[in-house]
Amino acid sequence: MSQARGWGGGVRRRCWRLPLAARCPLHGRRPVHFLVLQDLRPLGFQPAQRRRGLGLRHCLLALRTLASFHASSVALMASDPHVADGLGNPMITEGPNSMEPFVHACLQQAADACRSWEGFAAYAGALEALKGSLVQKLAALNQPSPGEFRVILHGDFWTNNLLLRYEEALPVDVRMVDFQLSRVASPAVDLLHFPSTSPSERVSACHEALRAALQLLGAEVAAPPLGALLAAVRAHGACALLGAAGVLPLVKATRDAGVDVDAAVGGSAAAGDLYQEPAVRRWLQRVLPEYKEKGWLDA
């Protein structure tokens, strides 16, 4: 199914109208690959508060920015089919072995935590059973499905990779940073990764922003119906589980928790007792029953 028809010139200029990240006025390959990026600090942008999370206004602003990024990527890929060549998540494209230690350790630590929480011991076995299949599920989601609406993902869309600008103590603008995990896939991947690490899920708002951004670009690009986007979200439950059981504990870790991020990503038990952090416990106790109901905990 074609995502675009009748594209003329000027697509990149139209995409430039959507401020999404730092501008890149200069790049090159000699003497090495380099990028010169705009300094956003003089414009008033500052990092989001990782442990505090994002309020509703922050979340909606971030999701609208994400939707504009997705829309721009659709426009660019329609005008230049090779623009996304070379993009890929190394944790997936280099084979499941590169990701398994991290995923296995996260699931086991989440299972151990569940056993210590009243009323949650039943979830421990389900999480442990997923150690044999979750990485394969994630790899399968990286492959295109017939007729699937696909975009260039940010790939690591969470609080640490957002810069916010405030006016009168209210967030009014967002810029994204850190695109090293960008790849082509369903927008559901970014949508699920974000709510799993930031307390808001507003798919309908993102869908409306996606439609508006495509119209702003002047493209004959059909945004998927809201029902199709919601169906894609339901089909990508493995991404939500990875975010909740794997990424969130690192996001919410306190400065004095003694967290070794490299050890955590490598699957080492030296990651610390992150799953007993109050914010992590509250989130997992909230989402695990929902994930079970959706079938996302089925091995």
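The values are calculated or read from the model by the stated rules, or taken from the named source; none is laboratory data. Please read these numbers as outputs of a predicted model, since none were measured by experiment. So basically every Cβ, Gly included, is an ideal-geometry build from the backbone, and we count neighbours across all protein chains shown.
Tabulated results
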{"read-out": "Among residues of the range 19-34, those that are in a loop (DSSP other than H, G, I, E, B) and among the small types (Gly, Ala, Ser), counted", "value": "1"}
{"read-out": "Contacts under 8 angstrom Cβ, first residue in the range 170-197 being assigned to a helix (DSSP H, G or I), partner at pLDDT 90 or above and surrounded by fewer than 19 Cβ atoms within 10 Å (Cβ to Cβ), 6 or more apart", "value": "Ala188/Ala235"}
{"read-out": "Filter result (touching a residue at least 60 places away in the same chain (Cβ under 8 Å) and among the hydroxyl-bearing types (Ser, Thr, Tyr)) within the range 134-169", "value": "Thr159, Tyr166"}
{"read-out": "Members of the range 35-63 that are under 16 Å from the mean Cα position of the chain (by Cα) and either outside any helix (DSSP H, G or I) or surrounded by fewer than 19 Cβ atoms within 10 Å (Cβ to Cβ) (or both)", "value": "Ala48, Arg50, Gly53, Leu54, Leu60"}
{"read-out": "The range 21-71: number of residues that are among the charged types (D, E, K, R) and either touching a residue at least 24 places away in the same chain (Cβ under 8 Å) or in contact with a Phe, Trp or Tyr (Cβ under 6 Å, 6 or more places away or on another chain) (or both)", "value": "4"}
{"read-out": "Of all residues making up the range 96-122, the number that are over 17 Å from Gly243 (Cα atoms) and buried (at least 17 other Cβ atoms within 10 Å of the Cβ)", "value": "1"}
{"read-out": "Options Leu87, Leu164, Leu170; residue that is surrounded by fewer than 19 Cβ atoms within 10 Å (Cβ to Cβ), over 26 Å from Arg234 (Cα atoms) and not acidic (Asp, Glu)", "value": "Leu170"}
{"read-out": "Check on Ser72, within 18 Å of Leu181 (Cα to Cα) and either buried (at least 17 other Cβ atoms within 10 Å of the Cβ) or at pLDDT 90 or above (or both)", "value": "yes"}
{"read-out": "Test set (1) in contact with a strand residue (DSSP E or B) (Cβ under 9 Å, 6 or more places away or on another chain); (2) under 25 Å from Ala223 (Cβ atoms) - Leu163 fails condition number", "value": "(2)"}
{"read-out": "Per-region count, the range 196-244, residues modelled with pLDDT of 75 or more and acidic (Asp, Glu)", "value": "1"}
{"read-out": "Qualifying residue in the range 140-154 (condition: crowded, with 17+ Cβ neighbours inside 10 Å, closer than 24 Å to Val287 by Cβ, touching a Pro at 6+ places or on another chain (Cβ under 7 Å) and among the hydrophobic types (A, V, I, L, M, F, W, C))", "value": "no"}
{"read-out": "Residues of the range 170-184 that turn out to be modelled with pLDDT under 90 and among the hydrophobic types (A, V, I, L, M, F, W, C), as a count", "value": "1"}
